[in-house]
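For reference, the structure is listed below as structure tokens.
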């Protein structure tokens, strides 16, 4: 069979169009990429300059000796890490930070769960209570600290007044190294309650009423519905709150700086405050960066553990 | 909030209302007491038992608080800083969200991950280099003692955007962001959270609408400005309330990058009302009430937006 030029022609022309389409596609892909980059550029520039480069620089600083204005003077390997862990201060701060997290996170979430269940009741005027329960969202940590400093006053503060009324011994609150950390934890619980309640209430409202209705028909009471329906259904949200609140507790700074400045005798000297003192007051940038890396790694490991251990117990519908 | 009222037995109703009122009193008490104390005389703040109800109305406390620290100036600073960050979040998030929602480009997933990862990096891992960048003196590549040039520099400095030092002898110029509005806002001007929030909204706009508009010669930017952004108003409202509140309540960053008495923000200025030896609680509480007013107005007016924003981060779907 001979192939006539006529038969070839359409074939050739169609081949030409495919390659044209391909090259058009290729140039459109390039054009799309360039356009997308232009739209992303403002955000990307900020992220690169103020998140990614600083993160790498913090890690780099932690391996260097630094001069008083933060310039890297000499590479000294893991010396900073050794120096940091040799000091009693870091170990003390680690202990304080963990203790603080332990005081704050479980009590905040349990209390917030109680508030959210209450605020989920379908009653007249419930929205007023919802607004009040979430009101601490609007309060800054600095304002909350100042308000509570009035309550913690050992001679005429409201907390010692309540203890007097209950015939219990008075507490020195922020003045004593025994009670300062629990006192700051208490005010932090109050401050975080609004946020946690809002999140949990939204999760509760997402549960279908039919589940409860069929449980009631089966004769389940409040507790049994709560244990077998509510808790499993909101377990992803509780898990989310545990992770977020743990990270935020480990980074608490404002309350400490306003109320105790790490004292008395280091009893509230959380890790972030130690880092702040190291670079802001003592200009030990290398040491401060080393401690930042340590805290970063601790938070990373904790989050991974929480994902590994807790997430398996979480129920995703 | 058009929920049907559930039928509870009368004793359950009483129990629920009792618990709701009891918890509301506990949650609201600190704010209530701050207000009462802000209206008390100096001697009334020293009495035992503490005054739980107002007996006098000392509006003078507010006047005194405004004089003790330049609170109006701090309020102005905080509002400028928060507005800068909020405006930048709205613009940058809309631009980036447009790229993620409407453009098919190579490495989209990679860039998405870049944005996501900025939410995982804690601030203490970046704050030391950022502090050095913002407060450091950076030499300028060109310099002149030309009157017009110096005049322009002084004009920019007068707006508190960038501070300059010109050394006419050596003819070297340097600039710093220390004690400027730009220094307060710059590292926080991009938002991954906001980008995802707006993108989620853009995804609900039919892609056909976008394709038809752009084929008809409507440029991408015009589509974004005239069609996408108006449609995404609820998401942008949420982002605005959220960003403003977050920036207004910032504490550590303004503490680090402002030293000039006139450039402090409210959260720092407020704690300057603390007089360690002779704490004037009525003045401190008046200051607390003053700085809480803007956030509470925002909290009440933007309650729905705020709660949508908070839950968007937690409850996926």
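Cα convex hull, the stretch A:53-121: 143 Å³ per residue, rounded to a whole number. All C-alpha to C-alpha distances of the stretch B:81-223, sorted into 5 Å bins beginning at zero, yield P(r) values of 2, 8, 13, 14, 13, 12, 11, 10, 9, 6, 2, 1, 0 percent in whole numbers. Dimensions of chain A from C-alpha coordinates, computed as largest minus smallest value along each principal axis and given longest first, are 113, 73, 33 Å. Against the main long axis of the alpha-carbon atoms of chain A, helix A:231-250 sits at an angle near 80°. Helix A:5-47 and the longest principal axis of the C-alpha atoms of chain A enclose an angle of approximately 20°. Modelled this way, with points 7 Å down the Cα-to-C-beta line, the labels at residue B:204 and residue B:46 are 5.9 nm from one another. Projected over all directions and averaged, the alpha-carbon convex hull of the stretch B:10-147 occupies 20.8 nm².
Between B:125, B:40, B:190, the GNM of chain B built on Cα springs shorter than 10 angstrom shows B:125 fluctuating the most.
For the listed peptides A:62-69, A:289-296, a ranking on the average number of other beta carbons within 10 Å per residue, highest first, reads A:289-296, A:62-69. Computed extension length for residue A:41-residue A:162: 37.8 nm, one decimal, from 0.36 nm per residue of separation with the Cα-Cα distance subtracted. Take the Cα of residue A:224, step 7 Å toward its Cβ, do the same at residue B:59, and the gap between the two points is 6.2 nm. Taking other Cβ atoms within 10 Å as a rough exposure proxy, B:132, B:120 sort from fewest to most as B:120, B:132. Pairwise inverse Cα distances across the stretch A:95-212, averaged and inverted, put the Kirkwood hydrodynamic radius at 16.0 Å. Derived from the Cα gyration tensor, the three semi-axes of the equivalent ellipsoid of the stretch B:39-116 are 52, 16, 10 Å, largest first.
Taking one quarter of the surface of the C-alpha convex hull of the stretch A:150-262 gives a mean projected area of 9.9 nm². Once the convex hull of all Cα atoms in the protein assembly as shown is built, its volume per residue stands at 266 Å³. Taking chain B as a Gaussian network of alpha-carbon nodes connected by springs under 10 Å, the highest mean-square fluctuation of the residues B:65, B:212, B:174 belongs to B:212. Legend: mean number of C-beta atoms from other chains within 10 angstrom of residue C-beta atoms, peptide A:242-252, equals 1. Dividing the radius of gyration of the alpha carbons in chain B by their Kirkwood radius gives 1.06 for Rg/Rh. The Cα atoms of the stretch B:197-317 define a convex hull whose projected area, averaged across directions, is 11.1 nm². At the listed q of 0.10, 0.20, 0.21 Å⁻¹, the Debye profile of the stretch A:195-317, built from one uniform point per Cα, gives log10 I(q)/I(0) equal to -0.51, -1.09, -1.15. Note on residue A:83/residue A:31: beta-carbon distance plugged into 1/(1 + (r/R0)^6) with R0 of 56 Å gives a FRET efficiency of 0.55.
Relative to the longest principal axis of chain A, what angle (0 to 90°, nearest 10) does the C-alpha long axis of helix A:285-310 take? Approximately 80 degrees, to the nearest ten. For chain A, set up a GNM with springs between Cα atoms under 10 Å and report which of A:183, A:143, A:36 has the largest fluctuation. Sorting by GNM fluctuation, first place goes to A:36. Each label was represented as a point 7 Å from its Cα along the Cα-to-Cβ direction; for residue A:305 and residue A:53 these points are 3.6 nm apart. Residues A:55, A:61, ranked from the fewest to the most other C-beta atoms within 10 Å, line up as A:55, A:61.
FYI, it's all coordinate maths here, none of it is from the lab. Just so it is clear, the model here is predicted, and its values are computed rather than measured. Neighbour counts run over all protein chains shown; Cβ positions are idealised from the backbone, glycine included.
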